[in-house]
Structure formats: C-alpha cells, structure tokens
Amino acid sequence: MNQLVGERISIATFKAQTTRHRIMGIVNTDDMQIVFSDTPGVLKPNYKLQESMLAFSESALADADVLLYVTDVVENPEKNMDFLEKVQKMDIPVLLLINKIDELKGGNAQLAEIVEHWHALLPKSEILPISAKNKFGVDLLLKRIHELLPENPAYFDKDQLTDKPARFFVSEIIREKILLYYDKEIPYSVEVAVERFKEDDKHIHINAVIYVERDSQKGIIIGHQGVALKKVSTEARKSLEKFFAKPIYLETFVKVDKDWRSSQRELNAFGYNPE
C-alpha cells in the first residue's frame, strides 16, 4: 500500500503479523479517488488480539469494490484455505498479487509454477506478479484498479491521505522499532499508547507508553541501564521527525498490563474493535 499511495502509511518489517489494524490510504487524482484498505495478514487466531486482526481482514471482504489478495513467492497458500474459500465466492474482481518476485531464484519457470498453483486455488482471480520493493508492476496494477473501479462519489476530502489520526502513526512507528530490535515473543506482547501529543508551530511533544504483559518483558524492553529503550526511542524519534517534518520531543515509558492480548476490554481501549 505504501507504494500505491506514494506515502509510508503502513509500517513494514520482515516479521509476520506486523500489521494489526485496518489502515486506509487514499489516492486522489483529478478524476479519481482510490481508498486502499491495508489489513492484517490472514492467520488462525490463538488469542483475542489475533481474533480482532482476522476480523479486520474479513471486514475488507464486506465492503471492497476490488480485492487485492497479496501473497509472495514463498508463502504456503494451504494454511489459509478457509479464507481463500471466502475469497473464491466473492462477486467482485479479485487481483492476486504475487509479491517479491525479485527474490525468485528459479526465474520465469519457477514463477510459472507459482502462478499455475494459485490459478488452481483462485481460478476467477487475475494474477499479477509484482515487486513492491523495486516498484515492478505497480503502475500496471494502478491502471488495472482504475479500470475495475465503479463510478461513485468521493468518500473523503481531496487532501486527505488516510483515515487514521496522528497519534495512531506515532504508536505504529514506535511499535515498528520494537519489532525490528527485539526477538521472539517480545514484539508480539507489546502495545503502544500515546498519552500526550502536543503540537505547536515548531515542535511536537509526545509522551508514549509501551505496554507489555510481564515484568520480565518490561526489563527486556528497558535493557541494562536503559540502553535498549533509549535506542528504540532514538530511532522512533528520527522516523517521526521524517513523518511529521518537524522536530520531535519524545518520552517513552514502559508499563505492565497483564494479559492485555486476551482481554476484550483492553483490546477495545487500544482500538481493536473491527465493528
């Protein structure tokens, strides 16, 4: 979506389940408005947070005019057969995007095998090989979306880029750094909440709380003499200054919120309510 919108709306890392929310990115031209909806990856949920993530993904099936199903050259499609069956039954155009073709070792022959396999699973879909990293196929994809979209009034203002507030992107950028700099379960046990966002003409002052589920996780996030937390905060501040184009004063705190991933009340407070 970042390539299609032309702005860095969704955080992206090499780790699975990076995206947790449904995020809209809006493209406006003189004669068209495209509202892209980036959802979490499809998964079999093991706790309430993942149930909410799957609900975000399934909600896209209910209101899309064109569905972009994004896979890549290494994904095993069989693990998502329940979701694929729902996609197959849809009465809207489905564009199946095979991403990361720049990583193929076997060239066109290997790509042909992958395309054939996916065609058997989703025979009604139109398959487009792409490389989001190298922008290969992105212009063709935009052209195809333009051709398939129905005529409707614009839903958003012409100068609007997304449906999310500034605080959302602060929490996502901080969470992105945690995904990048911590291993194993730590990033998946973390949620970030912005308690203060005060902007003036020259600066933005931000206080953010990093929630974890265990005292031991809190110690890992902070690190020896606070070195780990300082690194995350510094890298987040750099990205936030680039995102907002202003100097940022960022303070981060770490708190324990036991089992927040399994508490519907806590998930609602963190914005995980697909309805």
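The values are calculated or read from the model by the stated rules, or taken from the named source; none is laboratory data. In this text, all values refer to a predicted model and were calculated from it rather than measured experimentally. When we count neighbours, we look across all protein chains shown, and the Cβ atoms used for this are built from the backbone with ideal geometry, even at glycine. When the accessible area is computed, the model is the full protein with side chains, heavy atoms only, and any ligands, DNA or RNA have been set aside. Shrake-Rupley method; radii C 1.70, N 1.55, O 1.52, S 1.80 Å.
Of the residues that make up region 168-180, is at least one open to solvent by 60 Å² or more (accessible area, probe 1.4 Å) and free of Cβ contacts under 8 Å to residues at least 60 places away in the same chain? Spell out the reasoning first.
Just the residues of region 168-180 that are open to solvent by 60 Å² or more (accessible area, probe 1.4 Å), to begin with: 180.
Keeping just the survivors that are free of Cβ contacts under 8 Å to residues at least 60 places away in the same chain gives none.
No, the conditions are met nowhere in region 168-180.
Going by the structure shown, is ARG261 part of a helix (DSSP H, G or I) and either under 25 Å from the mean Cα position of the chain (by Cα) or under 16 Å from SER171 (Cα atoms) (or both)? Steps first, answer last, please.
Working: part of a helix (DSSP H, G or I): yes; either under 25 Å from the mean Cα position of the chain (by Cα) or under 16 Å from SER171 (Cα atoms) (or both): yes.
So ARG261 passes the test.
All but one of (1) open to solvent by 20 Å² or more (accessible area, probe 1.4 Å); (2) more than 19 Å from SER131 (Cα to Cα); (3) touching a strand residue (DSSP E or B) at 6+ places or on another chain (Cβ under 8 Å); (4) in contact (Cβ under 8 Å) with a residue 40 or more places away in the chain hold for LEU61; state the number of the condition that does not hold.
(4)
Report the residue count in region 37-93 for those that are among the small types (Gly, Ala, Ser), assigned to a loop (DSSP other than H, G, I, E, B) and either under 15 Å from the mean Cα position of the chain (by Cα) or within 22 Å of ILE114 (Cβ to Cβ) (or both). Walk me through it before giving the result.
As a first pass, look at region 37-93 and keep what is among the small types (Gly, Ala, Ser): 37, 41, 52, 55, 57, 59-60, 62, 64.
Filter once more, so that each one left must be assigned to a loop (DSSP other than H, G, I, E, B): 41, 64.
Checking which are either under 15 Å from the mean Cα position of the chain (by Cα) or within 22 Å of ILE114 (Cβ to Cβ) (or both) leaves us with 41.
Within region 37-93, residues that are among the small types (Gly, Ala, Ser), assigned to a loop (DSSP other than H, G, I, E, B) and either under 15 Å from the mean Cα position of the chain (by Cα) or within 22 Å of ILE114 (Cβ to Cβ) (or both) number 1.
Which is buried (at least 18 other Cβ atoms within 10 Å of the Cβ) and without any contact (Cβ under 8 Å) to a residue 40 or more places away in the chain, of GLN225, GLN217?
The conditions single out GLN217.
For GLN17, which of the numbered conditions (1) closer than 22 Å to GLU75 by Cβ; (2) not in a loop (DSSP other than H, G, I, E, B) fails to hold?
Only one criterion is unmet by GLN17, namely (2).
I'd like the full set of residues that are at pLDDT 95 or above and open to solvent by less than 70 Å² (accessible area, probe 1.4 Å), limited to region 248-260.
Hits for region 248-260 are ILE248, LEU250, THR252, VAL254, VAL256, ASP257, TRP260.
Just one of LYS105, LYS143, LYS164 is of a type in the set (Lys, Arg), free of Cβ contacts under 8 Å to residues at least 12 places away in the same chain and within 19 Å of GLN3 (Cβ to Cβ); which is it?
On the way: LYS105 fails: within 19 Å of GLN3 (Cβ to Cβ); LYS164 fails: free of Cβ contacts under 8 Å to residues at least 12 places away in the same chain.
Sole residue among the options that is of a type in the set (Lys, Arg), free of Cβ contacts under 8 Å to residues at least 12 places away in the same chain and within 19 Å of GLN3 (Cβ to Cβ): LYS143.
Take PHE197 and tell me if it is over 28 Å from ASP63 (Cβ atoms) and open to solvent by less than 60 Å² (accessible area, probe 1.4 Å). Can you show your working first?
Details: over 28 Å from ASP63 (Cβ atoms): yes; open to solvent by less than 60 Å² (accessible area, probe 1.4 Å): yes.
So PHE197 fits the description; yes.
Pairs under 9 Å by beta carbon, first residue under 20 Å from TRP260 (Cβ atoms) in region 195-214, partner assigned to a strand (DSSP E or B) and of a type in the set (S, T, N, Q), six or more apart or different chains?
Listed by first residue and then by second, the contacts come to GLU195/ASN207; ASN207/THR252; ALA208/THR252; VAL209/THR252; ILE210/THR252.
Specify which of the listed residues (SER233, SER263, SER189) is touching a residue at least 12 places away in the same chain (Cβ under 8 Å), more than 24 Å from GLU51 (Cα to Cα), open to solvent by less than 70 Å² (accessible area, probe 1.4 Å) and not aromatic (Phe, Trp, Tyr).
Values: SER263 fails: more than 24 Å from GLU51 (Cα to Cα); SER189 fails: more than 24 Å from GLU51 (Cα to Cα).
Only one candidate passes the filter, namely SER233.
Go through (1) charged (D, E, K, R); (2) surrounded by fewer than 16 Cβ atoms within 10 Å (Cβ to Cβ); (3) closer than 17 Å to LEU68 by Cβ for LYS100 and report which single condition fails.
(2)
Name the residues in region 69-80 that are touching a residue at least 40 places away in the same chain (Cβ under 8 Å) and open to solvent by 50 Å² or more (accessible area, probe 1.4 Å), would you? Give the derivation first.
The initial filter retains those residues of region 69-80 that are touching a residue at least 40 places away in the same chain (Cβ under 8 Å), namely 69, 71, 73, 77.
Passing the criteria: none in range.
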